[in-house]
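Here the structure is laid out as structure tokens; the discussion comes afterwards.
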Amino acid sequence: MVNKQGQTRLSKYYEHVDINKRTLLETEVIKSCLSRSNEQCSFIEYKDFKLIYRQYAALFIVVGVNDTENEMAIYEFIHNFVEVLDEYFSRVVSLMIMFNLDKVHIILDEMVLNGCIVETNRARILAPLLILDKMSES
Amino acid sequence: MVAPSLKLQDLIEEIRGAKTQAQEREVIQKECAHIRASFRDGDPVHRHRQLAKLLYVHMLGYPAHFGQMECLKLIASSRFTDKRVGYLGAMLLLDERHDAHLLITNSIKNDLSQGIQPVQGLALCTLSTMGSAEMCRDLAPEVEKLLLQPSPYVRKKAILTAVHMIRKVPELSSVFLPPCVHLLHERHHGILLGTITLITELCERSPAALKHFRKVVPQLVQILRTLVTTGYSTEHSISGVSDPFLQVQILRLLRILGRNHEESSETMNDLLAQVATNTDTSRNAGNAVLFETVLTIMDIHSAAGLRVLAVNILGRFLLNSDRNIRYVALTSLLRLVQSDHSAVQRHRPTVVDCLQETDASLSRRALELSLALVNSSNVRAMMQELQAFLESCPPDLRADCASGILLAAERFAPTKRWHIDTILHVLTTAGTHVRDDAVANLTQLIGGAQELHAYSVRRLYNALAEDISQQPLVQVAAWCIGEYGDLLLEGNCEEIEPLQVDEEEVLALLEKVLQSHMSLPATRGYALTALMKLSTRLQGDNNRIRQVVSIYRSCLDVELQQRAVEYDTLFRKYDHMRAAILEKMPLVERDGPQADEEAKQSKEAAQLSEAAPAPTESQASQLLDLLDLLDRASGDAQHPPPLDPSPGGALVYLLDLPCAPPPPAPIPDLKVFEREGVQLNLSFIRPPENPALLLITITATNSSEGDVTNFICQAAVPKSLQLQLQAPSGNTVPARGGLPITQLFRILNPNKAPLRLKLRLTYNHFHQSVQEIFEVNNLPVESWQ
């Protein structure tokens, strides 16, 4: 997840990438996403994999996949993810994501395991997190 | 500790508050120092907070490797919050390249067998993200146990961890294969999703597994059918489609199972048709499923009707206004175009429309697809579209477009003239982006199209006069003007409106090319050679050309200098050879330009060494020869100008020596007879492949006022030689420089005996019959030595 100024709000890699290469990669990715207008399609070819991005207000969510994935399913998945965040945070804004980064990581981990989608049902994703919250409050 | 540690939120606030990059770095470095101090002190209470901050900093791109050991400690602690942060840290900071990761194996093992679900979930998650091969092997039994547990939360994660393990350690597939079939019976979507991924992974890895799982195809079909036909279920539906993710996964697996397998494909046919027709396409989720269906139909052995359905669906996608859908449609059509060419052709107009897209990904796909769709029937229309596209397309696509157009033109050109026109157009619009061999191809093409010489040279001249910046165009134009300059100046050509071109204009244009700073060295070489060739083709005097050539004798570019010196020497000392050397080129063989050049090289070298005892120049010693020539500028250069090809791609065009017989005559011509305007000349040729053979061509010319008729020439040679007379070209020479008669004599002289020739001429001139018998004196020594 990157904002319009190019600052990374969340990043998750399922393949090992060196840390100095990560910042470079992220800048390039966001540059190619920012340069596209609303009129253009959401799939970009970048080096040897595909980028699927979606813009929500000032935040870009970009997913990089290899050639075998169905781009439209991933597009749908991004939306699913945002809906889950919306339910958890009740009307999510990018600031909330920034300040609760660890929770967002937990949610993402519930949905995607090692690059494969594991759960898309909102209730089931949020169940363990809600239990956790209850535990830490008490 | 110096100051109380910040909470993660506060740190984020501070970083946000930093106005510049330097300030941010300062804040972070200060905080990292705190964190390091805290780790050293070993404070257990706040450790997780420190690590959380460290992870945030790591995400921003700063080094955080000193947190690795802390991760371990946190994982080992019993508090859930600690474990949570610890595992997250492990996922982000550790990886198999550092040895530290092995240390968490034990912790993971403990956690996995503990039985507390969230903890197990955490452990599995971490294991699946960064587990190395050793870890996987160690922990495989634990994971397998978890697969069979009743709780779906853990199971689904365990399955996906199994996927990762199989990727790392393929031998474990045998461990995880048996539970799969059993797991398919589950109703829980999460488990199903995981299982299908696992099966997909297994099938991709081993063909044996593939065969094993073909048995479950009916079951998969059943699952998918229930998914599609069930009504709205709140749990899983996304915009009206029930669990599209699961549907997509199942379809993908079906694709893998059905590939190259008739039986499974048949079971799937109905289902695929059902999915294709029933899915609601108004929302993206439905389109995603439909897309996957189409891909599956394409890959398996489906019924013909089904394939047509798939192509039609793709056609519908193309017309959709959503760009994403059009993109995927274009991609899949590209895949299909090999197998179902005719079906895709029907959608050609839509594809061509997509070329106009502003979106770069879309236009690139459209371009590839359009190029693939060109065939002999639609080539003209398509070319027009593609050329229009070339003019307006973004620069990174230009090179692809240009080379695509040229390739397609080569394969499907209906007429040569159309072909030349197309290439010309491409060169003028996108000249700098074409491939290097385009120039070679075009010259070869023009050379081969005899009837189009005048037309092409005229068009090229016009194009060149307008613009000399496009290098390939300039090169081709220069070559053509050089070769066919006489046709250019003739002034009449029926295919294009007549243009009066002056000699001076042509020379001026070539000089402009030579002097322009935009011209590459290769282009200059072309221009110089063209100028040289024009010296024989043009009627006027050659002073201007000679001037230019001598200017370039001192050019800094070695290649140009060499050429200029050679040509200059040609003017000065070997003027008699100039016409023959600069004759028109015969057609070059396309397939082996390199082989040809070498063959030519050796032939020329052999010929020249026949003429004068000169060593054959090798490419490396060109420079040396040049220096030699300059040293002995006083004019006693024994060897003839090194006409061997100089390095560079313009080899073929530099040498205008035809390699087909008759080769040029290094032996000077001889005038043997002259009477009242009637003249007889002998020219001698000794072909290098047969040193005993001498070819004499006699030429009878008539500059008088009366015609010469019934001209017969006979010859006799000493007994040791063999003479063969070939038929003359005619026996009338019209008056005032009319077409001369030529006749070829073949003399075999194996013993190299001195040549003596007696000629007998009979003809009618000025109403008188003339008979002359004489012996030819002053025969050059080279003709028989």
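The values are calculated or read from the model by the stated rules, or taken from the named source; none is laboratory data. What you see is a predicted model, and the numbers here were worked out from it, not measured in a lab. Note that we place each Cβ from the backbone using ideal geometry, even for glycine, and neighbour counts take in every protein chain shown. For the accessible areas, the whole protein counts, side chains as well, though only heavy atoms, and no ligand, DNA or RNA atoms are used. Shrake-Rupley method; radii C 1.70, N 1.55, O 1.52, S 1.80 Å.
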For the subset of the range A:1-31 comprising residues that are among the acidic types (Asp, Glu) and part of a loop (DSSP other than H, G, I, E, B), which member is nearest to B:SER132 (Cα to Cα)?
-> A:GLU15
Output for the range A:94-120, where each listed residue is open to solvent by less than 10 Å² (accessible area, probe 1.4 Å), more than 7 Å from chain B (Cβ to nearest Cβ) and over 30 Å from B:LEU198 (Cα atoms) = A:ILE97
Of the conditions (1) open to solvent by less than 40 Å² (accessible area, probe 1.4 Å); (2) over 28 Å from B:GLY86 (Cα atoms), A:LYS47 clears all except one; give me its number.
-> (1)
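Can B:GLY737 be described as in a loop (DSSP other than H, G, I, E, B), open to solvent by less than 50 Å² (accessible area, probe 1.4 Å) and either within 15 Å of B:TRP784 (Cβ to Cβ) or not hydrophobic (A, V, I, L, M, F, W, C) (or both)?
no
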Here are some conditions: (1) within 19 Å of B:ARG335 (Cβ to Cβ); (2) touching a strand residue (DSSP E or B) at 6+ places or on another chain (Cβ under 7 Å); (3) aliphatic (A, V, I, L, M). A:ILE61 meets all but one. Which one does it not meet?
-> (1)
B:ASN731 vs (1) touching a strand residue (DSSP E or B) at 6+ places or on another chain (Cβ under 7 Å); (2) under 22 Å from B:PRO687 (Cα atoms); (3) open to solvent by 60 Å² or more (accessible area, probe 1.4 Å); (4) not in a strand (DSSP E or B): all pass except (2)
Give the residues of the range B:358-392 that are in contact (Cβ under 8 Å) with a residue 12 or more places away in the chain and not in a helix (DSSP H, G or I), sorted by residue number.
-> B:ASP359, B:VAL374, B:ASN375, B:SER376, B:ASN378
Scan the range A:121-138 for residues that are within 9 Å of chain B (Cβ to nearest Cβ) and of a type in the set (S, T, N, Q) and jot them down.
-> A:ASN121, A:SER136
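Going by the structure shown, is B:GLU26 assigned to a helix (DSSP H, G or I), under 25 Å from A:ASP18 (Cα atoms) and without any contact (Cβ under 8 Å) to a residue 12 or more places away in the chain?
yes
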Working only within the range B:414-438, note down all residues that are touching a Pro at 6+ places or on another chain (Cβ under 7 Å) and farther than 24 Å from B:SER376 by Cα.
-> B:GLY431
Just to be sure, is A:LEU25 at pLDDT 80 or above and of a type outside the set (D, E, K, R)?
-> yes
Report the residue count in the range B:704-730 for those that are farther than 26 Å from B:ARG756 by Cβ and without any contact (Cβ under 8 Å) to a residue 60 or more places away in the chain.
-> 6
What single numbered condition from (1) closer than 20 Å to A:ASN20 by Cα; (2) more than 13 Å from chain A (Cβ to nearest Cβ) fails to hold for B:GLY67?
-> (2)
Residue in the range B:239-247 that is within 14 Å of chain A (Cβ to nearest Cβ), in contact with a Gly (Cβ under 6 Å, 6 or more places away or on another chain) and either buried (at least 21 other Cβ atoms within 10 Å of the Cβ) or not small (Gly, Ala, Ser) (or both) present | yes
What tally of residues in the range B:156-200 results from selecting those that are crowded, with 23+ Cβ neighbours inside 10 Å and either among the charged types (D, E, K, R) or not in a helix (DSSP H, G or I) (or both)?
-> 2
Looking at the range B:4-14, is at least one residue within 30 Å of B:SER107 (Cα to Cα), in contact with a Lys or Arg (Cβ under 9 Å, 6 or more places away or on another chain) and open to solvent by 50 Å² or more (accessible area, probe 1.4 Å)?
-> yes
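Answer yes or no: is there a residue in the range B:118-131 that is part of a helix (DSSP H, G or I), away from every other protein chain (no Cβ under 14 Å) and open to solvent by 20 Å² or more (accessible area, probe 1.4 Å).
Taking every residue of the range B:118-131 in turn, none turns out to be part of a helix (DSSP H, G or I), away from every other protein chain (no Cβ under 14 Å) and open to solvent by 20 Å² or more (accessible area, probe 1.4 Å).
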If the Cβ limit is 6 Å and pairs must be 6+ apart or interchain, which residue in the range B:266-295 that is more than 16 Å from B:LEU253 (Cα to Cα) and more than 14 Å from chain A (Cβ to nearest Cβ) pairs with which residue that is polar (S, T, N, Q) and buried (at least 24 other Cβ atoms within 10 Å of the Cβ)?
-> B:ALA276/B:THR293
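Output the residue which, of all residues in the range B:335-353 that are more than 18 Å from B:GLN384 (Cα to Cα) and open to solvent by 40 Å² or more (accessible area, probe 1.4 Å), is farthest from the chain's Cα centre (by Cα).
Step by step, filter the range B:335-353, then rank; the result is B:ARG346.
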The listed residue being at pLDDT 80 or above and out of contact with any Pro (no Cβ under 6 Å at 6 or more places or on another chain), out of B:CYS32, B:CYS71 = B:CYS32
Residues in the range B:48-59: is at least one open to solvent by 40 Å² or more (accessible area, probe 1.4 Å), closer than 19 Å to B:LEU93 by Cα, within 13 Å of another protein chain (Cβ to nearest Cβ) and of a type in the set (D, E, K, R)?
-> yes
Within the range B:740-778, can you find the residues that are over 15 Å from B:THR709 (Cα atoms), assigned to a loop (DSSP other than H, G, I, E, B) and open to solvent by 30 Å² or more (accessible area, probe 1.4 Å)?
-> B:PRO750, B:ASN751, B:LYS752, B:PRO754, B:ARG756, B:ASN777, B:ASN778
Quick one: B:ALA753 ticks every box in (1) over 17 Å from B:ILE698 (Cβ atoms); (2) out of contact with any Leu (no Cβ under 9 Å at 6 or more places or on another chain); (3) among the aliphatic types (A, V, I, L, M) bar one, so which box is it?
-> (2)
Taking into account only those residues within the range B:319-329 that are touching a Leu at 6+ places or on another chain (Cβ under 7 Å) and open to solvent by less than 10 Å² (accessible area, probe 1.4 Å), which is nearest to B:THR279 (Cα to Cα)?
-> B:ALA329
Has the range B:397-418 got any residue that is touching a residue at least 40 places away in the same chain (Cβ under 8 Å) and farther than 25 Å from A:SER35 by Cβ?
-> yes
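If you check A:ARG36, A:ARG54, A:ARG91, which single one turns out to be surrounded by fewer than 20 Cβ atoms within 10 Å (Cβ to Cβ), away from chain B (no Cβ under 12 Å) and not in a helix (DSSP H, G or I)?
Sole residue among the options that is surrounded by fewer than 20 Cβ atoms within 10 Å (Cβ to Cβ), away from chain B (no Cβ under 12 Å) and not in a helix (DSSP H, G or I): A:ARG91.
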So, in the range B:680-710, of the ones that are more than 20 Å from B:SER783 (Cβ to Cβ) and part of a strand (DSSP E or B), which residue ends up most open to solvent (accessible area, probe 1.4 Å)?
-> B:ASN710
Do you know which of the residues in the range B:430-442 that are among the β-branched types (Val, Ile, Thr) and surrounded by 20 or more Cβ atoms within 10 Å (Cβ to Cβ) is nearest to the chain's Cα centre (by Cα)?
-> B:VAL434
